[in-house]
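Here is the structure we will look at, set down as structure tokens.
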Amino acid sequence: MSTRAAPVATRSRRGIRLHPAQAVVAGFAATNLIGTALLSLPISSRSGEWTGFVDALFTATSAVCVTGLTVLDTATHWSPFGLVVILVLIQLGGLGIMIFASLVGLALARKLTVRSRLNTAAEAKAVGYDDVRGLVRGILLISLIIEAVTFCFLAPRFMLAYGYGPAEAAWYALFHSVSSFNNAGFALYSDNLIGFAADPWICLPLCGAIILGGLGFPVIMQLRKEFRRPLHWSMNTKIVLWATATLLVGGTVYITVFEWSNAETLGAYDPATRLLIGFFHSVQTRTAGFNSVDIGLMHDETWLGMDVLMFIGGGPAGTAGGIKVTTFAVLFFIMATELRGEGAVNIFGKRLSRAVHRQAITVVLMAVAAVMVATISLMVITGLSFDRVFFEAVSAFGTVGLSTGITGDLPDAAEIVLVLLMFLGRLGPLTLGSAIALRQRRILYEYPKERPAIG
């Protein structure tokens with residue numbers, strides 16, 4: 001008899017039933033609203049004036065959903081208090097609201113309720129919830145270690161190469177370490193990281209933190225335990241590592257080749273720096289969002305390739321967004337199986353469950369629909385060209401944060417469209433869809449089979 005618990009709905013003290021997916025969505029929504037309220041306060045702006053509700057909502061959502069799109073200059077608009085609020089929202093969004101709530105529960109009561117375990121397992125994509133306490137502590141430890149290592153690379157560089165004082169260097173290193181590991185893309189400079197385009201001591205540590213955050217916590221935790229035993233790695237770990245390496249190399253080649261002679265971007269630098277910039281921006285499309293050259297000056301064909309990379313995103317149950325590399329890989333292997341005329345989809349010596357086929361197709365179709373509806377809406381609202389608007393929509397859905405430069409000039413209605421897209425992209429179409437559904441329906445009968453013509 002199986003002891004695995006089903007993802008049943010949970011009941012609060014007032015009798016309101018919440019499915020774990022609904023609890024995750026509610027947690028992110030509540031954090032967004034709290035962040036919006038804090039960022040609206042005069043104390044959060046350098047001018048000491050109130051920040052408009054829509055602009056504050058956009059910034060809070062971008063931080064909680066670890067996107068990095070901004071309508072206000074992060075370096076000049078926000079006060080130190082406002083920047084700390086943004087940093088906290090980034091960390092909460094990267095860790096996960098339910099995971100953070102579980103950390104608080106462990107700290108206060110040293111135990112987790114069944115409801116907390118269900119909610120945390122749902123957000124962390126855990127199969128069961130017997131060891132959720134260990135999962136939560138592992139996620140916290142991984143996050144702090146990677147951010148600390150990144151900090152140790154950045155702080156000395158800021159002091160020795162750029163003349164920052166110890167306190168200033170520590171603040172800049174801390175902010176960018178948290179922002180990079182959580183794939184947020186917020187920077188404390190008006191031009192993002194363009195001033196560091198040729199500095200590998202800044203760019204490469206950030207890339208390392210971004211890649212690790214994009215792998216997903218399940219992959220990092222398994223590698224920590226079984227790094228030297230690849231035969232024991234799960235299908236998820238193998239797919240994420242294989243797809244991540246392939247997309248990083250492919251993205252680097254693509255961006256470098258198409259921008260090599262563009263005097264406005266890579267063409268202004270020596271060959272070694274061009275390769276560094278190409279690699280850096282390939283990493284950013286994994287949903288990080290920093291930029292070391294002006295994205296708005298890139299070629300249209302480069303934007304299109306970056307659209308594809310941003311749409312795919314990173315690994316599941318991590319700090320990255322997009323449809324996830326596992327979804328993309330599953331569809332790729334399904335296609336390869338159909339072309340070979342085989343019956344079952346086999347990946348790395350394991351047979352893929354048919355339920356995963358349906359989930360992958362559902363995620364992709366819902367994602368495509370969301371991006372296209374948002375793109376059309378933005379074109380109607382703004383009157384801007386398709387290529388720039390589509391790039392913005394994909395960046396928002398993939399929680400990337402890269403922009404061709406139109407974000408700051410968008411009207412409030414367009415900002416709301418991007419807010420909804422960022423929210424959907426961070427939580428995932430399936431999570432949000434199952435949260436909206438009132439209940440899971442179990443059909444007790446089947447219709448007769450029939451096959452339509454395909455293609």
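The values are calculated or read from the model by the stated rules, or taken from the named source; none is laboratory data. For clarity, every value in this text was computed on a predicted model and none was experimentally measured. Heads up, the Cβs are rebuilt from the backbone with ideal geometry, glycines too, and the neighbour counts pull from every protein chain shown. All accessible areas refer to the heavy atoms of the entire protein, side chains included, with ligands and DNA or RNA removed. Shrake-Rupley method; radii C 1.70, N 1.55, O 1.52, S 1.80 Å.
Computed quantities for the displayed model
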item	result
Members of region 69-91 that are over 21 Å from the mean Cα position of the chain (by Cα) and open to solvent by less than 20 Å² (accessible area, probe 1.4 Å)	W78, S79, G82
Meets criteria (of a type in the set (V, I, T), surrounded by fewer than 22 Cβ atoms within 10 Å (Cβ to Cβ) and in a helix (DSSP H, G or I)) for T31	yes
Given (1) modelled with pLDDT under 95; (2) among the aliphatic types (A, V, I, L, M); (3) part of a helix (DSSP H, G or I), number of the condition A245 does not satisfy	(1)
Residue count, region 41-68 (criterion: part of a helix (DSSP H, G or I), open to solvent by less than 10 Å² (accessible area, probe 1.4 Å) and closer than 20 Å to I416 by Cβ)	8
Total residues in region 69-85, condition of a type in the set (F, W, Y) and not in a helix (DSSP H, G or I)	1
Filter result (closer than 22 Å to A396 by Cα, aliphatic (A, V, I, L, M) and part of a loop (DSSP other than H, G, I, E, B)) within region 184-229	A184, A187, L188, L193
Filter result for the condition that a residue is under 21 Å from R286 (Cβ atoms) and either of a type in the set (G, A, S) or at pLDDT 95 or above (or both), over G383, G425, G408, G433	G425
Residue within region 283-305 that is over 15 Å from V394 (Cα atoms), at pLDDT below 90 and small (G, A, S) present	no
Residue list for region 146-164, restricted to those being open to solvent by less than 70 Å² (accessible area, probe 1.4 Å) and part of a helix (DSSP H, G or I)	I146, E147, A148, T150, F151, L154, A155, P156, F158, A161
Among the residues listed as S143, S177, the single one being part of a helix (DSSP H, G or I), hydroxyl-bearing (S, T, Y) and surrounded by fewer than 23 Cβ atoms within 10 Å (Cβ to Cβ)	S143
Odd one out for N236, checked against (1) free of Cβ contacts under 8 Å to residues at least 60 places away in the same chain; (2) part of a helix (DSSP H, G or I)	(1)
